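Asker: Structure incoming, see below.
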Amino acid sequence: MATKILDLPDASYVLPGNRSCAGCGIGIALRQVTAALEGRMVMTVPASCLTVLGGMFPISSVDVPWINVAFPSTAAAASGIAAGLRATGRAGEMTVLAMAGDGGTGDIGIQALSGAAERNEDFIYLCYDNEAYMNTGTQRSGLTPAGARTTTTWAGKRENPKDLPAIMEAHGIPYVASTSAAFPTDVYDKVAKARTIGGLRYIHMNTPCPSGWGFDPKDTIRLGKLAVDCGLVVLYEVVDGQFRLTGRSKMLGKTGRSLVPVADYIATQSRFRGMAPEAVEAVQAWVDSRWLRYVGRDGGACLL
Amino acid sequence: MAQREISMSKPAVGEAGATGQWRNKRPVMDAALCLAAKAGRVTCQFCWVYCPDGCIAQGAGPVIDLTYCKGCGICAEECPADAIQMVPEALHGACELAEGEEVG
Amino acid sequence: MAPETSVMTGNEAAATAARLARVQVIAAYPITPQSPVVEQLAAWVESGELPAEFVAVESEHSAMTVCIGAATVGARTFTATSANGLAYMFEQVWWAPGARLPIVMCIANRAMAAPWNVLNDQQDSMSVRDAGWVQLYCRNNQEILDTTVQAYLIAEKLHLPVMVCYDGFLLSHTMMPVSVPDAEQIDGFLPPFTDPWTIVDPGDPRNIGPVTLADPRNDTEGVAAPGYMEIRALHHRALLEALAVIPAVDSAYHDAVGRSWGGLVWEHLLEDADVVLVAAGSLAMQLTLTAEALREEGIKVGVLGIRAYRPFPIEALRERLVGRSVALVFDKALSYGYEGPICSDLRGCLLGVEGAPPVFGAVCGLGGRDVSLEQLADAARGAVADAAAGMRTRETDWINLHLEG
């Protein structure tokens, strides 16, 4: 049963007066991630926007244990932390949460993550996907969507993003989920469920970024929801290989309601400014084929 | 200075200072429109859940901490009753509210 | 039970030391010539002889990261690598000491590619001398075992990682008699690690290793916390403190086990020597035979072996070199475009010291190139002649090099 906003715990592990940009999606989600783990956790974080949110020595903006690590090493660090906690008899005291951005996960961090997933290490890995290297000034990553202008794709990126949750699913890990920071209850439910499962749990979280995507900070939630409504972002989970749509995506799949055109989403953000109509059509075709596959998998699961 | 010193922080609010100073618009809540305030109980709470900074305390109605509110305007945008307006700071002058003080 | 003597390779000696140290987390990734270390540990973990977490990572970068993660939550950790593996973990080789984590890593010294070469020189560990680890070099397999055990006590006293370096193949794959201490002897010498500086506790949350500014910054109570430069200065001080801790630990090991290795440096026939041959590792052991042979020719030669390369044992070296007629340093590594690293470090530490001998450098054994006793003796004779002719400095000598012109 999906948790409702009023049922979310009134927890405050993310402290006000932190260093994140106004309207940053990370804070919205991190409040629910930490709440779902009731603060009984240790996070490990590579160089990223999240490092900035965490604050500079000697003050921390997050009221849970946090271990900073090098950019490519998040999943290996989480493996070491988990092993160290087991070895010292403290594994039951806290959940290990690795949390990194899309570049830190899908580009420079993918080797360590793949290794940890193959070993089925005991931690939750949460990728907050703000679709570029935002902390270093909006350079393209392997997860930047086609058409998006970044400081290294001035004419708009030509390639579609890599499908990281699918890559993780191919590792056969016990839990894979796709969520969005614009749906705090979905984030909460997925982290709460992941908490109860052993082994490597991977959660991919679309995270709108006002400064990097070029929109008014007030629209973080609205655009995050719009991304789901047009099928660019799909909310789902795969538990022991069983796929199901969740939340808004489940509703869209069930009712067969048509998706909002991708063009409507693209029009909201300056990163897509000047995107050629053919390029928009290509993205629409890509989204449509993916959406059919997701809905098919969801139905397939129901038929079983 | 302790010889054991390593770079290891302790949690506290306001790591980046009074981030309310970043704001160019402030959220002003109209209790007459707020669903929770009108109902006199903790309902709705959209502004609370969507605040990226944890600057809004749950309540009937919710209370915005203007010392740290960065003025992103998500609360105003997401409020189903349009009870929060973003008002240019220039109209208010300097932020004179104490931490935790209620607005509106 | 009396200590038993076995015949074992240097790699087995390193693995045996890790077992005796009761390591709790082992990170393992294969590379020649280190691989047998972690193969042996894997077998002991599998059989239950060693109750430890064995993490078979997908790269050396992750191997050091696993040690970093585990040490941060207070576990005793171990890994080993060589050459390109060490280079691949370079980023983390800096992270571990900066975070003041007492990790122990064995290095089976091997040549750096390109071109590929799996044989011995010391270019790999010499290339990371500046990262802030304690670096100890071993001359034989017994010293590998004893030094690796000692490394944990040094690391945990100083909150610094320690690299135990030994020559690939020459030691790593060569069988030698090794006396293995009892578990009780080592338990008495090396207590469990209970004093990590890092705090990982949901009841008392900390943010470890965050962005740290150039200048000191106040905490919320107005107390100044150090800036990056203070953190680094304290790290440097800890390394300098190791100059006292390494000999003290070696001495405590002697009390517990009955063997010691000279602390920072060791010597052979040095007392009355005019000519001092300087090197680290098995090459220095080979030089003891050279010294003995040259003494039969009437040349008063002694050997000064470097055990601790970082911290650099300035005083110990000065004391032993002042008043000699020449020092000849044999490096199995090179700072390309300059000279051997031990040579330039030694010359630097003797500069301006009254009575210091001239320091000449020789590079040898790169990529496993053999170096014979006769070649070493020739090099020593050449240095003696050059010093006698009044030379205070000269170009680096390359031993057993086959290039025309």
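Since every read-out is calculated from the coordinates, none of them should be taken as a lab result. Computed from a predicted model, the values in this text were never measured in an experiment. Don't worry about glycine lacking a Cβ; one is built from the backbone with ideal geometry, like all the others, and counts go over all protein chains shown.
Asker: Sort A:I108, C:I314 so the one with the fewest other Cβ atoms within 10 Å of its own Cβ comes first. Walk me through the numbers on the way to the answer.
Answerer: On the way: A:I108 20, C:I314 17.
In order of increasing Cβ crowding within 10 Å: C:I314, A:I108.
Asker: Let me ask you something else. I'd like the Karplus ³J(HN,Hα) series for the range B:50-66: coefficients 6.51, -1.76, 1.60, θ = phi - 60°, whole numbers in Hz, and an x wherever there's a Gly or Pro.
Answerer: Karplus values, whole Hz, x for Gly and Pro: 8, 5, x, 9, x, 8, 10, 8, 4, x, 10, x, x, 10, 9, 8, 6.
Asker: What's the angle, to the nearest 10 degrees (0 to 90), between helix A:184-195's Cα axis and the longest principal axis of chain A?
Answerer: 40
Asker: Averaged over every viewing direction, what's the projected area of the C-alpha convex hull for the range A:1-135? Give it in nm², one decimal, please. Display every interim value, and only then the final one.
Answerer: On the way: hull surface 36.3 nm².
Mean shadow area of the hull around the Cα atoms is 9.1 nm².
Asker: If you split all Cα-Cα distances of the protein assembly as shown into 10 Å bins from zero, what percentages do you get per bin, shortest first?
Answerer: 3, 13, 20, 20, 16, 12, 9, 5, 2, 0, 0
Asker: For the range B:22-35, what does the Karplus curve 6.51 cos²θ - 1.76 cosθ + 1.60, with θ = phi - 60°, yield as ³J(HN,Hα) per residue in whole Hz, taken in order and with x for Gly and Pro?
Answerer: 6, 6, 10, 10, 10, x, 10, 9, 9, 4, 5, 9, 4, 4
Asker: Further question: Would you pull out the residues with amide H under 5 Å of B:K25's amide H, same chain only if 5 or more places away, H placed 1.01 Å from N?
Answerer: Amide H to amide H, under 5 Å and 5 or more residues apart or across chains, B:K25 pairs with B:E89.
Asker: Let me ask something else about it. At a 10 Å Cβ-Cβ cut-off, how would you order A:L235, A:L113, A:L259, fewest neighbours first? Kindly include the intermediate steps, with their values, before the conclusion.
Answerer: Numbers: A:L235 25, A:L113 31, A:L259 17.
Ordered from fewest to most neighbouring Cβ atoms within 10 Å, A:L235, A:L113, A:L259 come out as A:L259, A:L235, A:L113.
Asker: Moving to a separate point now. Under 8 Å for C-alpha pairs, at least 6 residues apart: give me the relative contact order for chain A, rounded to a whole percent.
Answerer: Values: 611 pairs, mean separation 50.6, N = 304.
Over chain A, the number comes to 17 percent.
Asker: Something else now. Work the Kirkwood hydrodynamic radius out for the range C:283-362: mean of 1/r over every pair of different alpha-carbon atoms, inverted, in Å.
Answerer: Values: mean 1/r = 0.0749 Å⁻¹.
Answer for the range C:283-362: a Kirkwood hydrodynamic radius of 13.4 Å.
Asker: As an exercise, identify the trypsin sites (Lys or Arg not before Pro) in the range C:361-405 lying in DSSP coil whose Cβ has no more than 16 other Cβ atoms within 10 Å.
Answerer: Working: sites: C:R369, C:R381, C:R392, C:R394; in loops: C:R369, C:R392, C:R394.
Answer by residue number: C:R392, C:R394.
Asker: Most exposed first by the Cβ proxy, i.e. fewest other Cβ within 10 Å, how do A:H204, C:H61, C:H173, C:H254 rank? Don't skip to the end; give the middle numbers.
Answerer: On the way: A:H204 28, C:H61 23, C:H173 17, C:H254 14.
Placing the least packed residue first, the sequence is C:H254, C:H173, C:H61, A:H204.
Asker: Taking only the alpha-carbon positions of the range A:116-203 and ignoring solvent, what does the Debye formula give for the base-10 log of I(q)/I(0) at q = 0.12, 0.23, 0.24, 0.26 Å⁻¹?
Answerer: Those come out to -0.45, -1.06, -1.09, -1.16, one per q.
Asker: Same structure again: Enter the per residue convex hull volume of the range A:235-291, computed from alpha-carbon coordinates, in Å³ rounded to the nearest integer.
Answerer: Details: hull volume 5.9 nm³, N = 57.
In the range A:235-291, the Cα convex hull volume per residue is 104 Å³.
Asker: Here is a follow-up. Stick to the Cα atoms of the range A:11-303, pair each with every other, and give me the Kirkwood hydrodynamic radius in Å at one decimal. Please list the in-between numbers first.
Answerer: Values: mean 1/r = 0.0524 Å⁻¹.
Averaging 1/r across every pair of different Cα atoms and inverting gives 19.1 Å.
Asker: What translational diffusion coefficient, in µm²/s and rounded to a whole number, does the Stokes-Einstein relation yield for the range C:161-269 at 10 °C and a viscosity of 1.306 mPa s, taking the hydrodynamic radius as the Kirkwood radius over Cα pairs?
Answerer: After rounding, the answer is 86 µm²/s.
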